Amino acid sequence: MAKTMLGGARGMECIDSNWQLLTRRLDVDSLAKLSALGNERINRLLAEAIKLCNPAKVLVCDDSIEDAAKVRTKAIVDGEERPLAMDGHTVHFDGYISSRQNDQARDKEHTRYLVPAECPDVEELNSIERQAGLAEIQTIMRNIMAGKEMLVRFFCLGPTASPFSIPCVQITDSAYVAHSEDLLYRPGYEQFRRGGSDSPFFAMLHAAGRLENGVSVDSDRRRIYIDIVRNLVYCANSQYAGNTVGLKKLALRLAIRKAEHEDWLAEHMFLMGVHGPEGRVTYFSGAYPSACGKTSTAMLQRETVVGDDLAYIRAIGGHAWAVNVERGIFGIIEDLNGDDDPVLFRALNSTDEIIFNNVLIRDGKPYWNGMGRMLPKQGLNYAGLWRPGLTDCWGEEIAPSYRGNARFTLRLNRMANLDPQAEEPNGVPLGGIIYGGRDSDTAVPVLESFDWQHGIITLGAALESESTAATHGAQGVRKFNPMAILDFLSIPLGRYLRHYLAFSEQLERPPKIFATNYWLTDEGGDYLNEKRDKAVWLKWMELRAHGECSAIRGPTGFLPRYEDLASLFLQVLDKDYSRQQYERQFAIRIPQNLAKIKRIVARYGSLTGIPHEVFTLLEDQRRRLIDLQQQKGDLVFPLEIP
């Protein structure tokens with residue numbers, strides 16, 4: 001085995017002791033795979049994990065289909081997944097205890113950054129002093145895999161052999177976690193072999209903990225600790241994918257810090273191709289909070305999808321280029337049906353490798369709320385044998401599929417509308433960025449910012465989303481969520497915005513910035529948009545990205561002209577679009593816009609380190625709105641704008 005000098009004799013002793021431990025605990029095949037990597041940091045990481053967690057067996061996997069098959073089989077044998085009637089389909093139920101003490105959501109309280117005492121740079125974030133945090137998590141994880149098998153898998157964030165590539169290693173005792181990541185991420189073993197021992201990587205160590213009936217029960221000892229020094233995530237006593245599939249939102253937190261240091265962007269964004277005139281394809285990324293239309297936009301029929309959730313954006317040759325971090329989808333399945341999401345619905349009903357989560361199972365078939373079919377009167381779900389009227393120990397009725405956490409996992413290559421450039425190592429050229437929130441009374445359906453800074457601040461940094469009846473808490477409450485990334489920030493918000501603003505300095509022609517709002521209502525609460533209308537808003541943005549149609553300069557940005565939208569409605573949806581519809585949708589509601597600015601300014605005023613551009617650009621917008629209000633009143637139609 002190749003060895004690297006690490007601090008002279010003491011370093012060699014450490015290397016030898018790690019390898020000796022691995023030699024004792026790994027079988028010949030797993031040991032050979034590690035040896036072929038020649039990566040002492042991987043060896044040290046794995047040796048530490050084995051000493052800490054004390055598994056009965058260790059399986060090191062490479063990129064082979066044989067190793068992937070072993071993991072899939074193990075998930076079924078261990079009971080983490082159950083086979084369904086259609087070939088390749090399985091179901092996984094996240095941990096549910098007959099009380100409020102379940103494992104069905106991200107544990108925000110116990111997701112913390114381990115920050116060195118001498119470097120407290122995440123004051124606004126949920127953090128703990130590094131040495132204290134390491135002592136706590138290592139105490140919790142001591143011998144946590146006793147009697148279990150440790151799985152070691154290698155993946156790559158972004159395309160392999162690419163300037164965007166970030167190699168990752170996932171260590172877990174859950175075959176469901178390893179199987180999920182096999183569907184969601186590109187294989188990375190060969191990436192590690194090519195990269196050599198000096199290449200930086202992210203690492204995740206997960207253990208489900210003590211189980212009862214397949215459920216992680218020690219929820220009081222659930223921890224998700226993120227060591228920013230070693231780019232290492234610890235997760236203990238959880239099965240829920242948001243906590244355990246480390247390469248998703250946990251790796252996003254690490255990537256945000258890496259991106260700030262290296263002058264690129266790691267974003268909670270979809271990536272799609274919008275098809276314009278004469279075969280032209282313009283690529284857009286988009287950030288939407290949950291339940292605001294992100295997936296339905298990314299999967300829109302007649303357009304092509306690159307990715308539905310996470311994007312890396314780099315400045316290459318003076319232009320913005322982007323890749324999908326993933327190769328699969330881990331999506332919410334509630335309300336997904338053949339009418340609204342035909343391409344995705346067809347994929348879910350095809351013979352292929354798909355994991356369903358927390359849905360209702362009857363006769364080996366999955367059912368979920370809003371699928372467009374009658375649900376069975378009984379079946380198997382996350383709580384066990386289900387029937388209508390079944391309640392938990394708190395007296396609350398148990399839904400047939402878990403509201404908000406019924407999901408699916410599949411590879412994007414099963415989608416008929418996958419963009420042909422989805423695996424391009426250098427990414428796709430980014431023509432526009434879209435921010436979308438759920439807003440019933442303020443924002444117009446589609447808007448273009450004046451420039452990069454105006455868009456980043458007044459559309460991205462000012463993003464809000466209203467709660468719905470399907471979410472916890474009161475309905476209609478506006479949640480502040482800049483760039484739809486607030487829950488995942490690993491640096492203070494002020495630093496994140498400053499980095500975002502500075503990114504455009506690397507670009508000769510920054511992508512245009514847009515906003516959408518599919519949720520605008522009239523006085524009676526009826527929606528002014530139809531679900532299909534988003535197809536038109538995207539076509540308008542595509543034309544604007546190339547300067548091929550004019551617009552009305554309003555106080556909050558550029559508004560579409562009626563004539564352009566009417567033409568697009570006929571071309572795209574084959575339906576008439578009246579001037580009355582246009583005026584109701586694109587009227588500037590000045591009191592509501594002013595109230596929003598007041599809320600956003602107050603929120604940023606309570607934080608430290610916020611760039612002055614935030615307050616300057618919001619104040620400029622406030623003055624434009626007041627000037628228009630004084631001239632035209634509280635409600636101003638587009639053609640009335642001077």
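Numbers for the structure displayed
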| read-out | value |
| --- | --- |
| Per-region count, the stretch 385-400, residues modelled with pLDDT under 90 and either within 21 Å of VAL177 (Cβ to Cβ) or assigned to a strand (DSSP E or B) (or both) | 2 |
| Residue in the stretch 48-58 that is of a type outside the set (Ser, Thr, Tyr) and under 15 Å from ALA178 (Cα atoms) present | yes |
| Pairs with Cβ under 7 Å, 6+ apart, first in the stretch 391-418 and without any contact (Cβ under 8 Å) to a residue 60 or more places away in the chain, second among the charged types (D, E, K, R) | THR391/GLU397; ILE398/ASP392 |
| Condition check for LEU84: crowded, with 24+ Cβ neighbours inside 10 Å and modelled with pLDDT of 95 or more | no |
| The stretch 557-584 residues that are free of Cβ contacts under 8 Å to residues at least 24 places away in the same chain and closer than 19 Å to LEU639 by Cα, paired with ones that are hydroxyl-bearing (Ser, Thr, Tyr) and assigned to a helix (DSSP H, G or I) (beta carbon under 7 Å, 6 or more apart) | ARG579/TYR562 |
| Pairs where the first residue, in the stretch 348-367, is among the small types (Gly, Ala, Ser) and the second is open to solvent by 10 Å² or more (accessible area, probe 1.4 Å), C-beta under 6 Å, 6+ apart | GLY364/LEU84; GLY364/ALA85 |
| Residue identified as within 21 Å of the chain's Cα centre (by Cα) and farther than 19 Å from ALA406 by Cα among GLU334, GLU267 | GLU267 |
| Some residue of the stretch 192-205 being open to solvent by 50 Å² or more (accessible area, probe 1.4 Å), in a helix (DSSP H, G or I) and not acidic (Asp, Glu) | yes |
| Subset of the stretch 492-543 (residues that are among the β-branched types (Val, Ile, Thr) and either part of a helix (DSSP H, G or I) or over 30 Å from THR616 (Cβ atoms) (or both)) | THR521, VAL536 |
| Residues of the stretch 33-62 that turn out to be open to solvent by 10 Å² or more (accessible area, probe 1.4 Å) and either free of Cβ contacts under 8 Å to residues at least 40 places away in the same chain or on the phi > 0 side of the Ramachandran plot (or both), as a count | 6 |
| Qualifying position, being open to solvent by less than 20 Å² (accessible area, probe 1.4 Å), touching a residue at least 24 places away in the same chain (Cβ under 8 Å) and closer than 23 Å to GLU448 by Cα, among LEU232, LEU271 | LEU271 |
| Complete set of residues in the stretch 576-588 that are part of a loop (DSSP other than H, G, I, E, B) and more than 34 Å from the chain's Cα centre (by Cα) | ASP576, TYR577, SER578 |
| Scan of the stretch 38-90 for residues that are in contact with a Pro (Cβ under 9 Å, 6 or more places away or on another chain) and of a type in the set (Val, Ile, Thr), ordered by number | ILE76, THR90 |
| Any hit, the stretch 326-342, residues being part of a helix (DSSP H, G or I), of a type outside the set (Phe, Trp, Tyr) and surrounded by fewer than 22 Cβ atoms within 10 Å (Cβ to Cβ) | yes |
| Counted residues, the stretch 474-500 - those being within 25 Å of THR442 (Cα to Cα) and in contact (Cβ under 8 Å) with a residue 40 or more places away in the chain | 10 |
| Qualifying residue in the stretch 468-478 (condition: within 30 Å of GLY246 (Cα to Cα) and either basic (Lys, Arg) or at pLDDT 95 or above (or both)) | yes |
| Every residue from the stretch 216-229 that is open to solvent by less than 20 Å² (accessible area, probe 1.4 Å) and either in contact with a Leu (Cβ under 6 Å, 6 or more places away or on another chain) or more than 30 Å from ALA259 (Cα to Cα) (or both) | SER216, SER219, TYR225, ASP227 |
| Cβ pairs under 8 Å, 6+ apart, first in the stretch 313-327 and closer than 24 Å to ARG411 by Cα and at pLDDT 95 or above, second open to solvent by 60 Å² or more (accessible area, probe 1.4 Å) and not in a strand (DSSP E or B) | TRP321/ASN426; VAL323/GLU424; ARG327/ASN413; ARG327/GLU423 |
| Qualifying residue in the stretch 161-180 (condition: open to solvent by 10 Å² or more (accessible area, probe 1.4 Å), hydrophobic (A, V, I, L, M, F, W, C), under 20 Å from the mean Cα position of the chain (by Cα) and farther than 26 Å from PHE408 by Cβ) | no |
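The values are calculated or read from the model by the stated rules, or taken from the named source; none is laboratory data. What you see is a predicted model; the values in this text were computed from it and never measured. Because the Cβ atoms are built from the backbone with ideal geometry, glycine has one as well, and the counts that use them run over all protein chains shown. For accessibility, only protein heavy atoms count, side chains too; no ligands or nucleic acids. Shrake-Rupley method; radii C 1.70, N 1.55, O 1.52, S 1.80 Å.
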